[in-house]
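Novice: Pasting in a structure now, in structure tokens, and then I'll have a few things to ask.
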Amino acid sequence: MLSTAVSIAFLLVGAAFVMALLRLLYGPDQPDRILALDTLYVNTVALLVLLGIHLGSALYFEAALLIAMMGFVGTVALCKYLLRGDIIE
Amino acid sequence: MLECCDPINASHSQRLIMNLTLVVLVPFLGAALTGWVSRYGRLRSAWMAGAVTALALACLLPSLPVPFTGEPLIQRLPWMPGLGLDLVFRLDGLGLLFAMMILGIGLLVIIYARYYLDADDCMGRFYAYLLLFMGSMLGIVLAENLILLLMFWELTSLSSFLLISYWRHRQDARQGARMALTVTGLGGLALLGGFLLLGEIAGSYELSVILASGEAIRAHPLYSPMLVLVLLGAFTKSAQFPFHFWLPRAMAAPTPVSAYLHSATMVKAGIFLLARLFPALSGTPLWSVLVMSAGLATLLIGAWIALFKHDLKGLLAYSTVSHLGLITLLFGIGTPLAAVAGVFHIINHATFKASLFMAAGIIDHECGTRDMRRINGLWHFMPYTATLAMVASASMAGVPLFNGFLSKEMFFAEAANFFDLSTWSWVLPVTVVIASALAVAYSLRFIHDVFFNGEPHDLQRTPHEPPHWMKVPVEILVAICLLVGIFPGFTVEPLLAVAADSVLQCNSPAHDLAIWHGFNSAFAMSVIALLGGLLIYAARRPLFMIAARHEGLIDAGVLFGRTQQAVIGAARAVTTAFDTGSLQRLVALLLIGALGLGAVGLLGVSAPLTGTATLVPADGISLIVALGLGAGAIATTVLHRQRFTALIVVGVLGLLIALIFAKFSAPDLALTQLSVEVVTIVLLLLALYFLPQHTPAESSRVRRVRDLGLAAIAGLGTTALAWGILTRPGATISGYFLDNSVPGGGGSNVVNVILVDFRGFDTLGEITVLALAGLGIYAMLKGLRLPGMTLDPSGRPWNWDLHPTIMAALTRLLLPLALLVSAFIFLRGHNQPGGGFIAGLITAVALIMQYLTNGVEWTHRRLHGNMHPVIASGLLVGTLTGMASFVFGHPFLTSTFSHVHWPLVGDFELASAMAFDLGVYLVVVGSTLLILIHLGLMRSAATQERD
């Protein structure tokens, strides 16, 4: 039961991943791309957690935790650049 | 040619006392101490230098009687046993003689220099260099191992460089120092080659073995190249023709240095080497030809030039060259009696030449010039100094009752014995007599020109006798000249005998140090030389005119300069042929070179590209990630002219690579990659603000196509190589670490155990580099103010809201959570993915987040912005943790661990490596913040200044 659900989830998250990737490449504006990158971070977190469930391992948890945190900072920095140019002021 | 026998049994006597090591090391430690003490008064450094020398002498005293028993004293201290290199020192007659000379004359020079140096010369620096030299020279004469000897040999070249360029504001001092270093350094390189060959031939680098296997060495096919290389080393150091030119130019050094290094000790190092290796290398036709011709040419040329030098020190310098040639010639003649005479002349030359240099220094000091055309008639101003100098000059000329006469007489006897009625054998005695007559003439000139010959011309000051203690060293040396000259049997005989024994490695032949040997050929040669010298000096005016006409015609120094320029020019031509300052060109050349070499390596290889390892089946997610990676890489290249967009795409690449690391069971790498990724984005954004937002197309189309092709081929080649290697099964070293991680390092996270334990020393080096990089960037940015963009890339004004409130409030809440994650990652690092490096980056990112959303001002009100103490304490913690293992008698960075049971937490393991990891953590936090914050502050400061 669980393995079926995980497989379906993999499929869906994978599709979301590909679509976010396409949006990142197409743009057309910078905010679109930043948003796509942020979505990719979220998708990656989902992928890693799914992988952990699939393999029955807790090893991937920290990586997911870190992406959740670091990805946020990356997004903030990129947005701040768009808004102000100088990100540390 | 060695006709003496009865070899002394050179046995290794091992003593527990390590006084020889101390003799060598005390001056090195004393040098640092002397430099430090000079902060508290310049004279203290003189006292300290004297005390250090006396201490080294005191360390030598207990072993003083040993060489007289006929057996060398050998003391061994394990140093690098893995390389077979020990700190092993040897004290025999020759070593004792030189050590006494180095320390004795060293002490006198220290006393002399205290009065010689001006008030504005830095005394501490002078004495520190001098002690550095003293230690190096002692190392040469006491070393038992050839490699050890070579190390000290190079150290003397370096300390000589420092001493010659002591007055670094003077151009001639800097040039002379460079020339001396180049020539002696070249010789050192040759000597290294010679020693390596010698060690291979003899099967050992220890002198005891080498000296005992002379026959085998001389019969070896590699004997000739080895001898040439060793002699190159010896001849450059001892200023033998044609390498003599550096010594006169080294006279730009302060006179105490000239007296000590460039007449008494360092230039004797080459001769010491000849004497040291005499039993092993001498006695072949090649040795005789090379050493004799070099010695003879140096003897004659030095004496000839010395006569025409108007500079007092120049005269003494070329006279030194000539006397060094004399001693070399004696070792080249190669009979046991000649070797005895050589050793004897080493002693005599050191005493009279050092005292002459000191006298010249006094004259220079008192008159303000060393030009003998201006200094005349000083007898009336300083009769006492004049008497001392005249005694020493008489010794230099070889006048009876002075010590120079005795060794010169032995030298004449050997030269006369060489004459055996064969066709060319008369050349040697005749040349020797001519050179000696010239020596008499220049000694006479030194006395007559300086102390008599009219009145001094336009001196800036009236000369008078120097301070009493400035004369004492000269008095002592001159007294030795006289005592040895009149009572040789009571004074120098025992030391000479034991030194000669150790040069010959057997009992030295009977020699008679009497002043009067009867009417023999040597006496006749002495008389001819003395009378000839008088005649030459009498006829000096026409000779001087001839010399003045040809002055500078053949100057080896000029030749050296031209050669040097040619070498530099050639090197520059090669460099500019490749490097035109274009980075693209360099990368292209590198790739073409790598591809070319790689293709050559693959020629004729028939092995299939794909190895035999079984391939892992591909799954959907991996495919998607790989696809994304490829698309991202291509997109970055296509979009690279729009820099901000390219940066976003690069962010995706970093994320995908982290995902691949996680997928292939490298969680540590994944965590590191993620943390580094964010820091990199912030860093690039900070830099991008000051840079153009678009990259213009500068290269031509053809060139871009060429570069694309090159890049594609290189990429394909790398892929093929990676594929070839990855599909081949091979043993890796990971098994060892997996097996030893828990028993050896006490942690189950192998990556972290490797970083902080197995390869802890590497990590220490890396964090040091990181700290230096941080401080370097800080130093470069300090005071740098750059204007940023006033409008955004599309021409609109920037947003007015510096710190959006929602964002600011949200990130404040995130800070404690992020720090908690950081602490968690740090603590579990030893057993689970994590560790100090990742934790440090997380902390840094968490703090950077506050700077981003709340601003520098807000953050600095709560967190001190000075990161230097953080970096310093990190390095300190890391180093001290490593050194703590010394206390327990273990090597640097040995780790220990134990398990403790904490309530609630459970079984917890404490490792000393964790303290080391804390050091890593602190350095990473400090350096990252230091770099990012100061990059960010460049603009802010500029704005503030404008406001």
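Novice: One residue is enough: does region B:902-922 have a residue meeting the conditions of a type in the set (A, V, I, L, M), surrounded by 18 or more Cβ atoms within 10 Å (Cβ to Cβ), touching a Phe, Trp or Tyr at 6+ places or on another chain (Cβ under 6 Å) and modelled with pLDDT of 85 or more?
Specialist: yes
Novice: Just the residues that are aliphatic (A, V, I, L, M) and assigned to a loop (DSSP other than H, G, I, E, B), please, taken from region B:505-541.
Specialist: Filtering region B:505-541 for residues aliphatic (A, V, I, L, M) gives B:510, B:513-515, B:522, B:524-525, B:527-531, B:534-536, B:538-539.
The answer is B:510, B:513, B:514, B:515, B:539.
Novice: A further question follows. Quick one: residue B:846 ticks every box in (1) more than 44 Å from the chain's Cα centre (by Cα); (2) closer than 30 Å to residue B:783 by Cα; (3) modelled with pLDDT under 90 except a single one, so which number is it?
Specialist: Only one criterion is unmet by residue B:846, namely (3).
Novice: Hey, another quick one. Scan region B:860-869 and give yes if some residue there is more than 8 Å from chain A (Cβ to nearest Cβ), surrounded by 15 or more Cβ atoms within 10 Å (Cβ to Cβ) and either out of contact with any helix residue (DSSP H, G or I) (no Cβ under 6 Å at 6 or more places or on another chain) or without any contact (Cβ under 8 Å) to a residue 24 or more places away in the chain (or both), otherwise no. Show your work before the answer.
Specialist: Kept after step one, since they are more than 8 Å from chain A (Cβ to nearest Cβ), are these residues of region B:860-869: B:860-869.
The next check asks that each one be surrounded by 15 or more Cβ atoms within 10 Å (Cβ to Cβ); those that pass are B:867.
Next, only the ones that are either out of contact with any helix residue (DSSP H, G or I) (no Cβ under 6 Å at 6 or more places or on another chain) or without any contact (Cβ under 8 Å) to a residue 24 or more places away in the chain (or both) stay: none.
There is no residue in region B:860-869 that is more than 8 Å from chain A (Cβ to nearest Cβ), surrounded by 15 or more Cβ atoms within 10 Å (Cβ to Cβ) and either out of contact with any helix residue (DSSP H, G or I) (no Cβ under 6 Å at 6 or more places or on another chain) or without any contact (Cβ under 8 Å) to a residue 24 or more places away in the chain (or both).
Novice: Okay, next question. Take residue B:612 and tell me if it is modelled with pLDDT under 90 and either surrounded by fewer than 20 Cβ atoms within 10 Å (Cβ to Cβ) or not in a loop (DSSP other than H, G, I, E, B) (or both).
Specialist: In short, yes.
Novice: Of B:566, B:500, which residue is within 30 Å of residue B:426 (Cβ to Cβ), assigned to a helix (DSSP H, G or I) and small (Gly, Ala, Ser)? Talk me through it step by step, then tell me what you get.
Specialist: Numbers: B:566 fails: within 30 Å of residue B:426 (Cβ to Cβ).
Of B:566, B:500, the one residue that is within 30 Å of residue B:426 (Cβ to Cβ), assigned to a helix (DSSP H, G or I) and small (Gly, Ala, Ser) is B:500.
Novice: What number of residues within region B:172-211 are assigned to a helix (DSSP H, G or I) and in contact with a strand residue (DSSP E or B) (Cβ under 8 Å, 6 or more places away or on another chain)?
Specialist: First, the residues of region B:172-211 that are assigned to a helix (DSSP H, G or I): B:172-202, B:207-211.
If we keep only those that are in contact with a strand residue (DSSP E or B) (Cβ under 8 Å, 6 or more places away or on another chain) as well, we get B:207-208.
So the count comes out to 2.
Novice: Restricting the search to region B:219-242, which residues are part of a loop (DSSP other than H, G, I, E, B) and surrounded by 24 or more Cβ atoms within 10 Å (Cβ to Cβ)? Walk me through how you get there before you give the answer.
Specialist: First pass over region B:219-242, keeping only residues part of a loop (DSSP other than H, G, I, E, B): B:220-222, B:238-242.
Those that are part of a loop (DSSP other than H, G, I, E, B) and surrounded by 24 or more Cβ atoms within 10 Å (Cβ to Cβ): B:238, B:239, B:240.
Novice: Name, by its number, the condition in (1) surrounded by 12 or more Cβ atoms within 10 Å (Cβ to Cβ); (2) facing chain A (nearest Cβ under 9 Å) that does not hold for residue B:684.
Specialist: (2)
Novice: Kindly indicate which of A:9, A:64 is under 25 Å from residue B:841 (Cβ atoms), more than 7 Å from every other protein chain (Cβ to nearest Cβ) and either buried (at least 17 other Cβ atoms within 10 Å of the Cβ) or of a type outside the set (Ser, Thr, Tyr) (or both). Talk me through it step by step, then tell me what you get.
Specialist: On the way: A:9 fails: under 25 Å from residue B:841 (Cβ atoms).
Selected residue: A:64, the only one of A:9, A:64 that is under 25 Å from residue B:841 (Cβ atoms), more than 7 Å from every other protein chain (Cβ to nearest Cβ) and either buried (at least 17 other Cβ atoms within 10 Å of the Cβ) or of a type outside the set (Ser, Thr, Tyr) (or both).
Novice: All but one of (1) facing chain A (nearest Cβ under 10 Å); (2) not in a helix (DSSP H, G or I) hold for residue B:731, so report the exception by its number.
Specialist: With (1) facing chain A (nearest Cβ under 10 Å); (2) not in a helix (DSSP H, G or I) applied to residue B:731, the lone miss is (1).
Novice: Still on this model: Being facing another protein chain (nearest Cβ under 9 Å), closer than 29 Å to residue A:49 by Cβ and polar (S, T, N, Q): is that true of residue B:665 here?
Specialist: Numbers: facing another protein chain (nearest Cβ under 9 Å): yes; closer than 29 Å to residue A:49 by Cβ: yes; polar (S, T, N, Q): yes.
Yes, satisfied.
Novice: Here are B:146, B:131, B:117: which of them is closer than 15 Å to residue B:51 by Cα and of a type outside the set (D, E, K, R)? Talk me through it step by step, then tell me what you get.
Specialist: Values: B:146 fails: closer than 15 Å to residue B:51 by Cα; B:117 fails: closer than 15 Å to residue B:51 by Cα.
Result of the check over B:146, B:131, B:117: B:131.
Novice: For region B:450-485, which positions are surrounded by 24 or more Cβ atoms within 10 Å (Cβ to Cβ), closer than 30 Å to residue B:329 by Cα and more than 38 Å from the chain's Cα centre (by Cα)?
Specialist: B:484, B:485
Novice: Find all pairs meeting these conditions: Cβ atoms under 8 angstrom apart; at least six residues apart or on different chains; first residue within region B:358-370 and outside the structural domain of residue B:455 (by TED's automatic domain parsing) and of a type in the set (Gly, Ala, Ser); second residue assigned to a helix (DSSP H, G or I) and crowded, with 22+ Cβ neighbours inside 10 Å.
Specialist: Within 8 Å, no pair qualifies.
Novice: From the set of residues in region B:373-413 that are surrounded by 21 or more Cβ atoms within 10 Å (Cβ to Cβ) and in a loop (DSSP other than H, G, I, E, B), which is modelled with the lowest pLDDT?
Specialist: B:375
Novice: Restricting to region B:654-666, name every residue that is assigned to a helix (DSSP H, G or I), surrounded by fewer than 23 Cβ atoms within 10 Å (Cβ to Cβ) and within 46 Å of the chain's Cα centre (by Cα).
Specialist: B:654, B:657, B:661
Novice: Related question: Quick one: count up the residues across region B:667-699 that are assigned to a loop (DSSP other than H, G, I, E, B) and within 18 Å of residue A:69 (Cβ to Cβ). Steps first, answer last, please.
Specialist: Our first condition is that a residue be assigned to a loop (DSSP other than H, G, I, E, B); within region B:667-699, this holds for B:689-693, B:695-699.
Of the ones still in play, those that are also within 18 Å of residue A:69 (Cβ to Cβ) are none.
Of the residues in that region, 0 qualify.
Novice: Still on this model: On the basis of being under 13 Å from the mean Cα position of the chain (by Cα), at pLDDT 90 or above and within 30 Å of residue B:640 (Cβ to Cβ), does residue A:16 make the cut? Steps first, answer last, please.
Specialist: Values: under 13 Å from the mean Cα position of the chain (by Cα): yes; at pLDDT 90 or above: yes; within 30 Å of residue B:640 (Cβ to Cβ): yes.
In short, yes.
Novice: Still on this structure: Restricting to region B:804-828, what's the tally of residues that are over 16 Å from residue B:850 (Cα atoms) and either in contact with a Gly (Cβ under 9 Å, 6 or more places away or on another chain) or not assigned by TED's automatic domain parsing to the domain that holds residue B:921 (or both)?
Specialist: Counting residues in region B:804-828 that are over 16 Å from residue B:850 (Cα atoms) and either in contact with a Gly (Cβ under 9 Å, 6 or more places away or on another chain) or not assigned by TED's automatic domain parsing to the domain that holds residue B:921 (or both) gives 5.
Novice: If you don't mind, there's one more thing I want to ask. In region B:112-146, what residues are assigned to a helix (DSSP H, G or I) and surrounded by fewer than 19 Cβ atoms within 10 Å (Cβ to Cβ)? Lay out the reasoning, then the answer.
Specialist: Going through region B:112-146, the residues assigned to a helix (DSSP H, G or I) turn out to be B:112-116, B:123-142, B:146.
Correct list: B:125 only.
Novice: Which of the helices (runs of 4 or more DSSP H) contained wholly in region B:746-832 include at least 3 residues that are more than 14 Å from chain A (Cβ to nearest Cβ) and surrounded by 13 or more Cβ atoms within 10 Å (Cβ to Cβ)?
Specialist: Numbers: elements: B:750-753, B:760-781, B:805-828.
In region B:746-832, the matching helices (runs of 4 or more DSSP H) lie at B:760-781.
Novice: Still on this structure, I have one more. For region A:20-50, which positions are more than 7 Å from chain B (Cβ to nearest Cβ) and more than 27 Å from residue B:793 (Cβ to Cβ)? Please lay out each step first, then the result.
Specialist: Applying the first criterion (more than 7 Å from chain B (Cβ to nearest Cβ)) to region A:20-50 yields A:20, A:22-23, A:26-29, A:31-32, A:35-36, A:38-39, A:42-43, A:45-46, A:49-50.
The answer is A:42, A:43, A:45, A:46, A:49, A:50.
Novice: Sticking with this structure for a sec: Please return the ranges of helices (runs of 4 or more DSSP H) entirely within region B:266-366 where 3 or more residues are of a type outside the set (Asp, Glu) and within 16 Å of residue B:499 (Cβ to Cβ). It would help to see each step written out before you state the result.
Specialist: Values: elements: B:268-276, B:278-281, B:285-307, B:312-333.
So the answer is B:268-276, B:312-333.
Residue-by-condition table, conditions (1) farther than 22 Å from residue A:48 by Cα; (2) exposed (fewer than 15 other Cβ atoms within 10 Å of the Cβ):
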site: B:576; (1), (2): yes, yes
site: B:622; (1), (2): no, no
site: B:627; (1), (2): no, yes
site: B:632; (1), (2): no, no
site: B:646; (1), (2): yes, no
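The values are calculated or read from the model by the stated rules, or taken from the named source; none is laboratory data. A quick note: this is a predicted structure, and the numbers were derived from the prediction, not measured. Glycine also receives a Cβ, built like all others from the backbone with ideal geometry; neighbour counts cover every protein chain displayed.
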